[in-house]
Structure formats: structure tokens, C-alpha cells
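Take a look at the structure set out below.
The values are calculated or read from the model by the stated rules, or taken from the named source; none is laboratory data. Here the structure is a predicted model, which means the values were calculated and not measured. Glycine gets a Cβ as well: all are built from the backbone with ideal geometry, and neighbour counts include every protein chain shown. Quick note on the areas: whole protein, heavy atoms, side chains included, nothing else; ligands and nucleic acids left out. Shrake-Rupley method; radii C 1.70, N 1.55, O 1.52, S 1.80 Å.
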Protein chains: 2
Amino acid sequence: MDQLQNLTYDEISIGQTADYSKQVEETDIRMFAAVSGDVNPVHLDEAFAAGTMFGGRIAHGMLTGAVISAALAMELPGPGTIYLGQTMRFLRPVKIGDRISVHLEVTAKRDDKKIVTLACEVTNQEGKAVVTGEAQVMPAREKLIIDRPTLPQFKEAD
Amino acid sequence: MDQLQNLTYDEISIGQTADYSKQVEETDIRMFAAVSGDVNPVHLDEAFAAGTMFGGRIAHGMLTGAVISAALAMELPGPGTIYLGQTMRFLRPVKIGDRISVHLEVTAKRDDKKIVTLACEVTNQEGKAVVTGEAQVMPAREKLIIDRPTLPQFKEAD
């Protein structure tokens, strides 16, 4: 079985990087609407969205936030991380079919509180920035090597 | 049919508030894992999570972020809002069955750029803060009264 493992506070150094990417599909946007309750037609109604400045449906901005949080939780520092804070600036829309890539870089370590700061830059398949921000996390103190749970699979109900 | 409407920049005043709440169910957490790709066992595996400092499964922190973004998009300023930025501090875990309530309050308006700042405070059913932060948005310039799209419904595949 596939396994997940983390980097502990002591294993992390300033300048360390990690990458994580995801293609955003129509189903992701509809599932994000279901989870958040945000059913705005700019996300769900192609006819409405075509008449906006975006020219078509766009993903919820915070869906990109969700992908940043997954990058932190799955890659750097990985499992066991306690999420303390996040800032985000939403720079460009993400559309159906876009592949977004999160680039994380460790910019600071605070030894007294065992807190790590990471710069977060998310770009689309054209290399254009869609979100930039900063995360604050407390990595696990201990090494964790754990079985990777299966990704839940959902289907839209008729 | 139920309708959505927004507040334009000119209709918004400092001190204005709005509230939005959601009960977080196991299915929300599993759908958030599916959308983000974050399958950490602290969210998905009760046996693993029971052995952590949280004593059981917790929601992804950014799921609360998703609910903040829905409050902005559905309530204040509502549809047509352009999301510019968000800060969040994650203060307490959210567990399965918790009802989280987002309280928004307009704290600043910047007339030259038509940008509104809102304080965001999310509390649980015990009134304890789980997330605090600040949002920056650009409300729509025009009044929008639009049909509310149906909330998508998903079922977990067997």
C-alpha cells in the first residue's frame, strides 16, 4: 500500500521547496459548491457566466486555497502538520480544465515555537500566477510513516 | 424560484454585518478530501485520528475557509463579488457534527478602488472561535437579482 510521510520540524530547512498540482474539473467546482454552499451562477451556470467579465464559469477562489492546503498536508511538511494560518491574494480566475500548480518554499523557521513559514505561489498551465500567499504551520515533532487512505470517490446524484 | 441578490459598493456601509452557518458532516469532509486531494488520516481514518491530540477526525482547516468564502459570495456582498484576498488564523479544530457560524463585519471601504474589507469570525456551536481573519473584496457595481442555482447533490460511489 502507498504510504505518506512527513518532514519533522528538525528536517526542514529554509529554502526547501515542494510542488503539488491538480487539474480543476467541472465536477470539482460542483463538489466545492456542495461543500461550501456557494451556488453562485458564475461557478455553476454557463449561460450566466458567459455574460460576465470572465466569459465562462470559473472555480471558486477558495478551491485554489483547498489545493494549497493539500500541498502543505501531503507534501511539505506533510501528515501531522498543524495549520496555523494562511494568507491569499487572488490574482486571476481558474477555469474548468485548468491545471494549477502549487509551489511551496520555506522562508522562515521560528525555533522557540517550532513554527515554519512557507511562501505559496499557485500558477496555471500558462505559468501565470493565480494565487500568492503565505502559510504558517507547526510540523509534527515525530516522523510519521502511515498508510495513504484511499481518495473518496463521489458521483453526482440524478 | 428562490433568488439571490447582492449589495453594491454604494449600498455597503462600515459596520454592516451578515451571518452564515453550516453544520459540518462526515460527507463534507470526505468531499473536501476528494476536491483538494488531501487524504490525511486525521480527516479520514477514525482509528488513526483517535490516537492524535484531537481525539477523533477533524475537518480540513480550509473547509472553514470555504464556508467563509460562501458567506461573502452568498450574503455580503453577495453575487458578482470579486474576491481579492483573505487572511485566516486557524484557532481550534472543527469536528464532525459541529455547526460553524461565520460572522462578517465591514471594517473599511476604499472609494478610489471600490474595495471593501470585512472582518471574518467563525465560531462553533459553543461560541468558541475556530477561525478569525479578514477578507478583501470588490463588490459588483450593479444590482444583481438572479435565480438561485440548485445546490448540487453528490453521493459517495461504492
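Give, rounded to the nearest 20 debye, the magnitude of the charge dipole that segment B:75-143 has about its Cα centre when Lys and Arg contribute +1 at Cβ and Asp and Glu contribute -1 at Cβ.
Roughly 100 debye for segment B:75-143.
Among B:PRO93, B:PRO79, B:PRO41, determine the one that fluctuates most according to a GNM of chain B built with springs between C-alpha atoms less than 10 Å apart.
Most flexible of the set in this elastic network: B:PRO41.
With just the Cα atoms of segment A:87-158, tell me how far they stretch along each of the three principal axes, in Å, largest first.
For segment A:87-158, the Cα extents along the three principal axes come out at 51, 33, 18 Å.
Using 20 Å as the Cα-Cα cut-off, could you pick out the over-long pairs in B:LYS22/B:LYS95; B:LYS22/B:LYS143; A:LYS22/B:LYS155; A:LYS155/B:LYS22; A:LYS22/A:LYS128; A:LYS109/A:LYS143?
Flagged as over cut-off: B:LYS22/B:LYS143; A:LYS22/B:LYS155; A:LYS155/B:LYS22.
Can you list the residues of segment A:49-82 that have at least 40 square angstrom less accessible area with all protein chains present than in their chain by itself, probe 1.4 Å?
For segment A:49-82, once contacts with the other chains are taken into account, A:MET62, A:ALA66, A:MET74, A:ILE82 lose 40 Å² or more.
As a check on your grasp of the helix formula, calculate [θ] at 222 nm for the protein assembly as shown: sum -39500 (n - 2.57) over DSSP H runs of n ≥ 4, divide by the residue count, round to the nearest 500.
Taken over the protein assembly as shown, the calculation gives -6000 deg cm²/dmol.
Apply the Karplus parameterisation 6.51 cos²θ - 1.76 cosθ + 1.60, with θ equal to phi minus 60°, to every residue of segment A:91-102 and state each ³J(HN,Hα) to the nearest whole Hz, in sequence, with x for glycine and proline.
Calculated HN-Hα couplings, in order: 9, 9, x, 10, 10, 4, x, 5, 9, 9, 10, 9 Hz.
Give me the percent of accessible area attributable to carbon and sulfur for segment A:1-72, probe 1.4 angstrom.
After summing per-atom areas, the C and S share lands at 46 percent.
Taking each residue of B:86-97 in turn, how many C-beta atoms of other protein chains fall within 10 Å of its C-beta, and what is the average?
4
Packing-wise, with mean Cβ within 10 Å as the measure, how do B:98-104, A:123-129 rank, highest first?
Going by the mean number of other Cβ atoms within 10 Å, highest first, we get B:98-104, A:123-129.
Using a 1.4 angstrom probe, figure out how much accessible area segment B:11-148 has per residue, in square angstrom, rounded to the nearest whole.
41 Å²
Once the label point is placed 7 Å from Cα along Cβ, list for A:SER21 the distances to the corresponding points in the other copies, in nm, shortest first.
From this label point to the equivalent ones elsewhere in the assembly: 4.3 nm.
Once label points are set 7 Å from the Cα along Cα→Cβ at both B:GLU121 and A:PHE54, what is their separation, rounded to one decimal in nm?
Here the modelled spin labels are 3.1 nm apart.
Shortest first, in nm, what separates the label point of A:ALA119 from those of the same position in the other copies (7 Å along Cα→Cβ)?
The answer, with the shortest distance listed first, is 3.2 nm.
Along Cα-to-Cβ, 7 Å out, sits the label point; list in nm, shortest first, how far the one on B:GLY97 is from those in the other copies.
So the distances to the same position in the other copies read 4.6 nm.
How long are the semi-axes of the equivalent ellipsoid of chain B, taking √(5λ) for every eigenvalue λ of the Cα gyration tensor, in whole Å from largest down?
31, 18, 12
Would you mind giving the total buried accessible surface between chains B and A, with a 1.4 Å probe and ligands, DNA and RNA left out, rounded to the nearest 100 Å²?
4600 Å²
If the only charges are +1 at each Lys and Arg Cβ and -1 at each Asp and Glu Cβ, what is the size of the charge dipole of the protein assembly as shown around the Cα centre, to the nearest 20 debye?
Rounded to the nearest 20 debye, it is 620 debye.
Counting pairwise Cα distances across the protein assembly as shown, what percent come out greater than 29 angstrom?
Considering the protein assembly as shown, 33 percent of its Cα-Cα pairs are separated by more than 29 Å.
Please list 3J(HN,Hα) in residue order for segment B:136-144, calculated via the Karplus relation 6.51 cos²θ - 1.76 cosθ + 1.60 where θ = phi - 60°; whole Hz, with x for glycine and proline.
Karplus values, whole Hz, x for Gly and Pro: 10, 9, 10, x, 4, 7, 10, 6, 10.
Under a 5 Å amide H to amide H cut-off, with H placed in plane at 1.01 Å, what residues pair with B:LEU91 once short-range neighbours are removed?
Residues meeting the amide H criterion: B:VAL131, B:THR132.
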